[in-house]
Amino acid sequence: AAMLDMNLNGKNSRAVADALAAHGVPFVFSTGNSVHDVWDGYNGHAVLRKPFSNDDLVDMLTRLLSSNGVAIPGTS
């Protein structure tokens, strides 16, 4: 799984998102912008709005991995 900042110092992660999606790797976008600013083709994709807590990140990654059939120790 991965977390991608949508805009890091003026550079976007679209190419990385495309590569992860092509290989079936679950990921979440991180952004301080609106969730409506997600790129075409990624509408409805998982987004964590900044600022977020460590608990928010853990929860999101747990859900991503669980929905992709990855066993996560300590979860039911």
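Rule-based calculations on the coordinates, nothing more; no lab input. This is a predicted model, so every value here is computed, not measured. Neighbour counts run over all protein chains shown; Cβ positions are idealised from the backbone, glycine included.
For the reader, a short list of remarks on this structure follows.
- Distance between modelled label sites at Val16 and Asp59, nm, 7 Å Cα→Cβ extension: 2.4 nm
- Counting all C-alpha pairs of the range 2-67, share separated by more than 20 Å (%): 23 percent
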